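Below is one structure; the comments refer to it alone.
The values are calculated or read from the model by the stated rules, or taken from the named source; none is laboratory data. For clarity, every value in this text was computed on a predicted model and none was experimentally measured. For neighbour counting, all protein chains shown are included, and Cβ atoms are generated from backbone atoms with ideal geometry for every residue, glycine included.
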Amino acid sequence: MQAADSIPPPSDLLERVREQCTQPMSGDLDGIVRAVHARLGDALVALLVYGSCLRNGDLSDGMVDLYALVDSYAHAHRTRVQQLANAWLPPTVIVISAATPDGRTLHAKCAILSLQDFETGTRSWFQSYLWARFAQPCRLVYFKDEQTQGRVHLALAQAVMTLMGRCIASLPDRFDSFTLWEQSLSLTYRTELRPEATDRPRQLARHDLAYYSRITQAAAPSFKQMAACAGETDSYRNLCPPATRRGNERLWKLRRVQGRTLNVARLVKSFFTFENGVDYVIWKLERHLGESIVVTHRLRRFPLVFGWPLLWRLLKNRRLR
C-alpha cells in the first residue's frame with residue numbers, strides 16, 4: 001500500500017480545504033485572538049479554531065479549542081523546562097480568557113505547537129493525534145503572512161490524505177463518504193482515552209457530511225486503494241487485498257497502545273505545564289461524563305499520587321474509551 005505521506009494533496013482537495021477554513025468567524029473571538037497574541041508575542045504565526053464550539057456555533061459553550069502555531073518553542077516559552085516539555089511531548093496547553101464586546105467572558109483551551117511539528121504531524125506521525133483532528137473542519141483565524149497561510153492550508157489537506165490513506169484498508173468492500181469518515185474517526189478515537197459517547201464519531205460524520213463528501217470526492221483519485229463506482233454518486237470500492245487489510249489491522253492495534261500511553265503521559269505533563277491543570281481535567285471529565293467528581297485536597301495537591309484511583313475507576317467502568 002502506498003504510504004499516505006508520499007501522496008501530495010491534489011489541487012481540488014486543497015481548494016476545498018482552503019474554502020472551508022477561511023469561512024468567517026464571530027467577532028466575539030477577536031478578544032481571544034488578541035489575548036493569544038499578547039501571551040505568545042511574535043512567536044505566534046497562525047491560530048486555528050476547531051472542536052465542539054466551532055460545530056455548534058456557540059463560543060460560550062464550554063472552552064473554545066484553539067491550536068496556536070509558533071515559529072519555535074524557544075521563542076514561545078519563557079523557561080528551558082517549558083521549551084523541552086513541548087518539544088518532547090507536544091502540544092503544551094494553556095488557558096486563555098477574554099471579554100466579548102457585550103461583556104461576556106470567553107475561555108479557550110489553547111494548544112501550542114510549532115508550525116514545523118504541525119506539518120510533520122499531519123503528514124507522517126504514526127500516531128493519529130494531529131491528522132485525525134485536522135482532517136476535520138477548522139478555521140484559520142490568524143496567520144502571519146500569505147506564506148504561512150499556504151503552509152497551514154497544505155498541512156490541513158495533508159491531514160485528510162493521511163487519515164484516508166491509513167483507514168481505507170479497514171473499510172468494507174463497498175462504502176460511501178459517511179462510512180469512510182464515521183469508521184475512520186472511530187478508529188482514531190479508540191487510540192485515545194476519551195470520555196465520549198460511543199456514537200460520537202457517527203455524530204461528527206453526520207454533522208459535516210456535505211463537507212466530508214466533497215473532500216472524499218476530491219481526494220479519492222489519488223488513492224490506488226479505492227475506486228469510484230461507475231455510474232454511482234458517492235460510492236467507492238475498496239481495492240485493498242486481504243494481506244494489506246490484515247497488516248493495517250495490526251498497525252491500528254499498535255496505534256491504540258501508543259496513543260493511550262501518550263494520552264496518559266500528556267495528562268501527567270498537564271499537571272505541571274497547564275495552569276490549574278487539575279481543575280481543567282476535572283471540568284473536562286464532568287462535562288463529558290455528565291456527573292460530578294469530588295476534588296479532594298489531596299487530589300489537588302498531589303494529583304500524580306491520588307489521581308490514579310480516579311483514572312482506574314473510569315477505565316474499569318469503560319467511561320474512558
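Can you tell me how many residues within region 216-225 are assigned to a helix (DSSP H, G or I), touching a Ser or Thr at 6+ places or on another chain (Cβ under 8 Å) and surrounded by 18 or more Cβ atoms within 10 Å (Cβ to Cβ)? Walk me through it before giving the result.
The first filter runs over region 216-225 and keeps only residues assigned to a helix (DSSP H, G or I), leaving 216-222.
Narrowing further to those that are touching a Ser or Thr at 6+ places or on another chain (Cβ under 8 Å): 216-217.
Next, from what is left, pick out any that are surrounded by 18 or more Cβ atoms within 10 Å (Cβ to Cβ): 216.
So the answer is 1.
Please work out if I96 is in a strand (DSSP E or B) and either over 18 Å from A43 (Cβ atoms) or out of contact with any Gly (no Cβ under 7 Å at 6 or more places or on another chain) (or both). It would help to see each step written out before you state the result.
Working: in a strand (DSSP E or B): yes; either over 18 Å from A43 (Cβ atoms) or out of contact with any Gly (no Cβ under 7 Å at 6 or more places or on another chain) (or both): yes.
In short, yes.
Considering only residues of region 58-72 that are of a type in the set (D, E, K, R) and farther than 16 Å from I94 by Cβ, which is modelled with the lowest pLDDT? Walk me through how you get there before you give the answer.
Within region 58-72, the first condition is being of a type in the set (D, E, K, R), and the residues that meet it are 58, 61, 65, 71.
The next check asks that each one be farther than 16 Å from I94 by Cβ; those that pass are 58, 61, 71.
On the way: D58: 80, D61: 75, D71: 97.
In this case the residue turns out to be D61.
Residue pairs, Cβ under 9 Å, 6 or more apart or interchain, first in region 166-186 and more than 13 Å from A135 (Cα to Cα), second among the charged types (D, E, K, R) and assigned to a loop (DSSP other than H, G, I, E, B). List them.
Close Cβ pairs (under 9 Å, with a partner that is among the charged types (D, E, K, R) and assigned to a loop (DSSP other than H, G, I, E, B)) amount to D176/D234; S177/D234; F178/D234.
Report, ordered by the first and then the second residue, all pairs with beta carbons closer than 7 Å, sequence separation of six or more or different chains, a first member in region 187-216 that is basic (K, R), and a second member that is modelled with pLDDT of 95 or more and assigned to a helix (DSSP H, G or I).
R202/E182; R214/R16
I'm trying to understand the selection: among the residues of region 125-155, which are within 17 Å of L262 (Cα to Cα) and either outside any helix (DSSP H, G or I) or polar (S, T, N, Q) (or both)? Write out each step before concluding.
Residues of region 125-155 that are within 17 Å of L262 (Cα to Cα), as a first pass: 125-133.
Selection gives W125, F126, Q127, S128.
Select from region 226-249 the residues that are in a loop (DSSP other than H, G, I, E, B), out of contact with any strand residue (DSSP E or B) (no Cβ under 7 Å at 6 or more places or on another chain) and not hydroxyl-bearing (S, T, Y) and list them in ascending order.
Within region 226-249, A230, G231, E232, D234, C240, P241 meet the criteria.
Would you mind stating whether L115 is in contact with a Pro (Cβ under 8 Å, 6 or more places away or on another chain), among the aliphatic types (A, V, I, L, M) and surrounded by fewer than 21 Cβ atoms within 10 Å (Cβ to Cβ)?
Details: in contact with a Pro (Cβ under 8 Å, 6 or more places away or on another chain): no; among the aliphatic types (A, V, I, L, M): yes; surrounded by fewer than 21 Cβ atoms within 10 Å (Cβ to Cβ): yes.
No: the conditions fail for L115.
Can you find, within region 168-201, the residue that is surrounded by the fewest Cβ atoms within 10 Å (Cβ to Cβ) among those that are among the charged types (D, E, K, R) and modelled with pLDDT of 95 or more? Break it down into steps so the answer makes sense when it comes.
So the first thing to find is which residues in region 168-201 are among the charged types (D, E, K, R), and the list is 173-174, 176, 182, 190, 192, 194, 196, 199-200.
Remaining after also requiring modelled with pLDDT of 95 or more: 173-174, 176, 182.
Details: D173: 9, R174: 12, D176: 20, E182: 20.
Ranking the candidates gives D173 first.
Does region 156-206 hold any residues that are of a type in the set (S, T, Y) and in a loop (DSSP other than H, G, I, E, B), and which are they? Explain how you work it out, then say what you get.
Filtering region 156-206 down to residues of a type in the set (S, T, Y) leaves 162, 170, 177, 179, 184, 186, 188-189, 191, 198.
Within region 156-206, T191, T198 meet the criteria.
When residues of region 94-111 are filtered for being surrounded by 17 or more Cβ atoms within 10 Å (Cβ to Cβ) and either in contact with an Asp or Glu (Cβ under 9 Å, 6 or more places away or on another chain) or under 26 Å from E15 (Cα atoms) (or both), how many remain?
Summing the residues that are surrounded by 17 or more Cβ atoms within 10 Å (Cβ to Cβ) and either in contact with an Asp or Glu (Cβ under 9 Å, 6 or more places away or on another chain) or under 26 Å from E15 (Cα atoms) (or both) in region 94-111 gives 8.
Restrict the check to region 16-31 and report whether at least one residue is among the aliphatic types (A, V, I, L, M) and touching a Ser or Thr at 6+ places or on another chain (Cβ under 8 Å). Give the steps one after another, and end with the answer.
First, pick out the residues of region 16-31 that are among the aliphatic types (A, V, I, L, M): 17, 25, 29.
Keeping just the survivors that are touching a Ser or Thr at 6+ places or on another chain (Cβ under 8 Å) gives none.
Scanning region 16-31 turns up no residue that is among the aliphatic types (A, V, I, L, M) and touching a Ser or Thr at 6+ places or on another chain (Cβ under 8 Å).
Looking at region 15-71 only, could you name the residues that are free of Cβ contacts under 8 Å to residues at least 60 places away in the same chain, in a helix (DSSP H, G or I), of a type outside the set (D, E, K, R) and within 23 Å of Y211 (Cα to Cα)?
Selection gives S52, C53, N56.
Could you grab the pairs with beta carbons closer than 8 Å, sequence gap of 6+ or different chains, first residue in region 235-259 and within 16 Å of Q183 (Cα to Cα), second one of a type in the set (A, V, I, L, M, F, W, C) and loosely packed, with under 15 Cβ neighbours inside 10 Å?
These pairs meet every condition: S235/C229; Y236/A227; Y236/C229; R237/A227; R237/C229; R255/F126.
Evaluate the following for A210: is it buried (at least 19 other Cβ atoms within 10 Å of the Cβ) and in a helix (DSSP H, G or I)?
Values: buried (at least 19 other Cβ atoms within 10 Å of the Cβ): no; in a helix (DSSP H, G or I): yes.
Judged against the criteria, A210 is not a match.
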